[in-house]
Amino acid sequence: MDYFLEEGPKNPIKIQDNTFRDGHQSLLATRMSTEDMLPIAEKMDSVGFWAMEVWGGATFDTMHRFLGEDPFERVRTLKKYIKKTPLSMLLRGQNLVGYRNYADDVARLFVDKTCEAGVDIFRVFDALNDFRNLKTVVDRIKANGKHFQGTICYTLTERRMGGEVFNLEYYLSKAKELQDMGADTLCIKDMAGIMAPFDIAKLVTELKKVITIPLHLHTHYTSGMASMIYLEAIKMGVDIVDTCLAPFALRTSQPAVEPIVATLYGTVRDPGFDLNLLLDLGDYLETIAPKYRDYLSRHRMSVIDTSVLVHQVPGGMISNLVRQLKDAKALDRLPEVYDEVAITRKEFGTPPLVTPTSQIIGVQSVLNVLFGRYKIVTNEIKALAYGLYGKTPEPIDPEVQKKVLKGYKLGETPVTGRAADYLEPELEAARTKVGDLARDDYDLLICALYPTTGKQFLKWKYGLEERPPEVTPKTLEDVKKEDEAIAEAVKRLS
């Protein structure tokens, strides 16, 4: 089918909006408050989005830790305003919304309560593309009658799709595996923004030959190629794409929805959105954006990171590497770390660089550069070597594996089964530890996922301790006072 033509059967592209989750996570350290979402929630509901991603990823962590908000309450509240558009979340398989694999009892309760709170679509991925790590959560998603979006983490070892690992056959095989698991839709998730437009045109074309479920494409604007990727994919018949409203788009976020709507206007793939409504929504975001300006990266002129085309390190991982090196007063060694990431990643079976493997490989790479290779070994890298995160795309280097597992508390012989099969149930221990502080299963889950910060949050939530000022979101009045103080200081200096 030739989508260059403006005449033919109508096949409107479906669009998921990620403004309320990935947009501010990518650009503003996930700091957008629920309060700032509500004024446009009903208007967002009227646009006609296929879904709105509002939860998951880093939101759970950031909300209870830095915003003093109950994560589950955000879903319940948004559901009152967004009644027509399905609410979507990003779920890290057995990692849930944390940074390690949790026991099956925690995973089951988490999905059940999240469905109860109001999430309709679960985008489920595993950092190693080991789909055994999806089984428990998928069983509960299906049992609750919700939408399971099977997800493949897209990554490369070459400049283009190919090579020995992440080639066309790899992605087609993974896609068929997810469809066989009962996925309602398939998402190709490019967390680093390293897709090449013609590769994706080929991948979409070939996927359409082997799967029957709708195909959803997710990328980031990091490298500057994202809009070209979407246009090629749309021509080849992709069903759904992710975007954000312009103020929370581009940079390391998704492409902006407005240019896509304008580009497709009058074509067979026109989504039929009201462009003026989208502009109004963007105008609102501009009014509240100053509250979050301190989180926007301002260390470079370019709004894209062309170096990602070479080192392939996702934007969030880069910020973590920079922070670690700054703390060690060794920021000048960042190029060495980029080189080391490639080596360490290869030695540990070439995992996709996405949470939590991006953090695991990144931290170990920094330690290798600063102190010598594997002189200091993190617990997480040991767990990866032992098999507690699952099966890596390639075998782990046996010599490195032997070195990091020497004296490991769980043993020196790696396990090969489903990762969660080696975890003991956790809920009852969490219930005992938190005691009467948890008043329902939602509270219990907050503490089961984040034992220390979760317990602290519940003390704030129930007024047992006063919330510190740094956990109080900035207001526009605060911004106004800051600007006035700066203007006064400039005036005095002049």
- Considering (1) surrounded by 20 or more Cβ atoms within 10 Å (Cβ to Cβ); (2) at pLDDT below 95, say which one Val241 fails and leave the rest. (2)
- On the given criteria, is Thr219 hydroxyl-bearing (Ser, Thr, Tyr) and surrounded by 24 or more Cβ atoms within 10 Å (Cβ to Cβ)? yes
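So how many residues does the stretch 454-483 have that are outside any loop (DSSP other than H, G, I, E, B) and modelled with pLDDT under 95?
Within the stretch 454-483, the first condition is being outside any loop (DSSP other than H, G, I, E, B), and the residues that meet it are 454-461, 469-471, 476-483.
When the remaining residues are screened for being modelled with pLDDT under 95, the result is 469-471, 476-483.
The total comes to 11.
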- Message: Testing Asp105 on (1) of a type in the set (Asp, Glu); (2) free of Cβ contacts under 8 Å to residues at least 60 places away in the same chain; (3) out of contact with any Gly (no Cβ under 9 Å at 6 or more places or on another chain), one condition comes back false. Which one is that?
- Response: (2)
- Of (1) closer than 22 Å to Phe49 by Cα; (2) touching a helix residue (DSSP H, G or I) at 6+ places or on another chain (Cβ under 6 Å), Met161 satisfies every one except (1)
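Taking Ile234 as the residue in question, decide whether it is farther than 27 Å from His311 by Cα, in contact with a Lys or Arg (Cβ under 8 Å, 6 or more places away or on another chain) and assigned by TED's automatic domain parsing to the domain that holds Met52. Break it down stepwise before answering.
On the way: farther than 27 Å from His311 by Cα: yes; in contact with a Lys or Arg (Cβ under 8 Å, 6 or more places away or on another chain): yes; assigned by TED's automatic domain parsing to the domain that holds Met52: yes.
When the stated conditions are applied, Ile234 passes them.
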- Within the bounds of the stretch 14-26, is there any residue that is acidic (Asp, Glu), in contact (Cβ under 8 Å) with a residue 40 or more places away in the chain and within 17 Å of Tyr292 (Cα to Cα)? yes
- Task: Determine whether the stretch 106-127 contains at least one residue that is farther than 29 Å from Leu38 by Cβ, in a helix (DSSP H, G or I) and not aliphatic (A, V, I, L, M).
- Result: yes
- Query: Do we find that Phe72 is in a loop (DSSP other than H, G, I, E, B), surrounded by 23 or more Cβ atoms within 10 Å (Cβ to Cβ), hydrophobic (A, V, I, L, M, F, W, C) and more than 14 Å from the chain's Cα centre (by Cα) in this structure?
  - Reply: no
- Item | Checking Ala385 against (1) in contact (Cβ under 8 Å) with a residue 40 or more places away in the chain; (2) surrounded by 21 or more Cβ atoms within 10 Å (Cβ to Cβ), the condition it does not meet | (1)
- Message: I'd like to know if the stretch 46-55 contains one or more residues that are out of contact with any strand residue (DSSP E or B) (no Cβ under 6 Å at 6 or more places or on another chain), surrounded by fewer than 18 Cβ atoms within 10 Å (Cβ to Cβ) and without any contact (Cβ under 8 Å) to a residue 60 or more places away in the chain.
- Response: no
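If you check Tyr338 against the conditions, is it under 19 Å from Thr155 (Cα atoms), in contact with a helix residue (DSSP H, G or I) (Cβ under 8 Å, 6 or more places away or on another chain), assigned by TED's automatic domain parsing to the domain that holds Leu410 and surrounded by fewer than 22 Cβ atoms within 10 Å (Cβ to Cβ)? Give the steps one after another, and end with the answer.
Values: under 19 Å from Thr155 (Cα atoms): yes; in contact with a helix residue (DSSP H, G or I) (Cβ under 8 Å, 6 or more places away or on another chain): yes; assigned by TED's automatic domain parsing to the domain that holds Leu410: yes; surrounded by fewer than 22 Cβ atoms within 10 Å (Cβ to Cβ): yes.
Judged against the criteria, Tyr338 is a match.
Quick one: is Asp436 under 22 Å from Val137 (Cα atoms), surrounded by fewer than 11 Cβ atoms within 10 Å (Cβ to Cβ) and without any contact (Cβ under 8 Å) to a residue 40 or more places away in the chain? Let's see the steps before the verdict.
Details: under 22 Å from Val137 (Cα atoms): no; surrounded by fewer than 11 Cβ atoms within 10 Å (Cβ to Cβ): yes; without any contact (Cβ under 8 Å) to a residue 40 or more places away in the chain: yes.
Judged against the criteria, Asp436 is not a match.
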- Taking into account only those residues within the stretch 271-310 that are surrounded by 17 or more Cβ atoms within 10 Å (Cβ to Cβ) and more than 24 Å from Met32 (Cβ to Cβ), which is farthest from the chain's Cα centre (by Cα)? Pro271
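Taking only the stretch 239-295 into account, find how many residues are among the β-branched types (Val, Ile, Thr) and under 23 Å from Met191 (Cβ atoms).
Total meeting the criteria: 6.
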- In the stretch 151-201, residues that are part of a helix (DSSP H, G or I), among the charged types (D, E, K, R) and touching a residue at least 12 places away in the same chain (Cβ under 8 Å) total 4
- Of the residues Thr413, Thr392, which is more than 23 Å from Leu67 (Cβ to Cβ), among the polar types (S, T, N, Q), touching a Ser or Thr at 6+ places or on another chain (Cβ under 9 Å) and not assigned by TED's automatic domain parsing to the domain that holds Thr62? Thr392
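Pull up the stretch 405-431, narrow it to residues that are outside any loop (DSSP other than H, G, I, E, B) and among the acidic types (Asp, Glu), then point me to the one that is farthest from Asn133 (Cα to Cα).
Taking the candidates together, the pick is Glu428.
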- Of the conditions (1) in a helix (DSSP H, G or I); (2) within 20 Å of Asp339 (Cα to Cα); (3) among the aliphatic types (A, V, I, L, M), Leu384 fails just one. Which one is it? (2)
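Which one of these is modelled with pLDDT of 95 or more, out of contact with any Asp or Glu (no Cβ under 6 Å at 6 or more places or on another chain) and within 23 Å of Lys208 (Cβ to Cβ): Phe166, Phe148? Steps first, please.
Working: Phe148 fails: out of contact with any Asp or Glu (no Cβ under 6 Å at 6 or more places or on another chain).
Of Phe166, Phe148, the one residue that is modelled with pLDDT of 95 or more, out of contact with any Asp or Glu (no Cβ under 6 Å at 6 or more places or on another chain) and within 23 Å of Lys208 (Cβ to Cβ) is Phe166.
Given the condition surrounded by fewer than 21 Cβ atoms within 10 Å (Cβ to Cβ), part of a loop (DSSP other than H, G, I, E, B), within 19 Å of the chain's Cα centre (by Cα) and at negative phi, answer yes or no: does some residue in the stretch 18-30 qualify? Please lay out each step first, then the result.
Going through the stretch 18-30, the residues surrounded by fewer than 21 Cβ atoms within 10 Å (Cβ to Cβ) turn out to be 28-29.
Now drop any that are not part of a loop (DSSP other than H, G, I, E, B), which leaves 29.
Retained after the next criterion (residues that are within 19 Å of the chain's Cα centre (by Cα)): 29.
Filter again for at negative phi, leaving none.
No; the residues of the stretch 18-30 include none that is surrounded by fewer than 21 Cβ atoms within 10 Å (Cβ to Cβ), part of a loop (DSSP other than H, G, I, E, B), within 19 Å of the chain's Cα centre (by Cα) and at negative phi.
Can Glu465 be described as closer than 29 Å to Asp61 by Cα, surrounded by 13 or more Cβ atoms within 10 Å (Cβ to Cβ) and not hydrophobic (A, V, I, L, M, F, W, C)? Reasoning before the result, please.
Values: closer than 29 Å to Asp61 by Cα: yes; surrounded by 13 or more Cβ atoms within 10 Å (Cβ to Cβ): no; not hydrophobic (A, V, I, L, M, F, W, C): yes.
No; evaluated as a whole, the condition is false for this residue.
Look at Arg373 and say whether it is assigned to a loop (DSSP other than H, G, I, E, B) and surrounded by fewer than 18 Cβ atoms within 10 Å (Cβ to Cβ).
Values: assigned to a loop (DSSP other than H, G, I, E, B): yes; surrounded by fewer than 18 Cβ atoms within 10 Å (Cβ to Cβ): yes.
Considered against the rule, which asks whether it is assigned to a loop (DSSP other than H, G, I, E, B) and surrounded by fewer than 18 Cβ atoms within 10 Å (Cβ to Cβ), Arg373 comes out as yes.
Return the residue satisfying two criteria in turn: it lies in the stretch 320-335 and is surrounded by 14 or more Cβ atoms within 10 Å (Cβ to Cβ) and under 20 Å from Leu27 (Cβ atoms), and of such residues it is farthest from the chain's Cα centre (by Cα). Write out each step before concluding.
If we filter the stretch 320-335 for residues that are surrounded by 14 or more Cβ atoms within 10 Å (Cβ to Cβ), which is where we start, we get 320-322, 324-325, 328, 330-331, 333-334.
Within this subset, residues satisfying the condition of being under 20 Å from Leu27 (Cβ atoms) are 320-322.
Values: Asn320: 15, Leu321: 18, Val322: 19 Å.
By that ranking, first place goes to Val322.
The values are calculated or read from the model by the stated rules, or taken from the named source; none is laboratory data. Quick caveat, the model's predicted, so the values are computed rather than measured. Cβ coordinates were reconstructed from backbone atoms using ideal geometry, including for glycine residues, and neighbour counts include every protein chain displayed.
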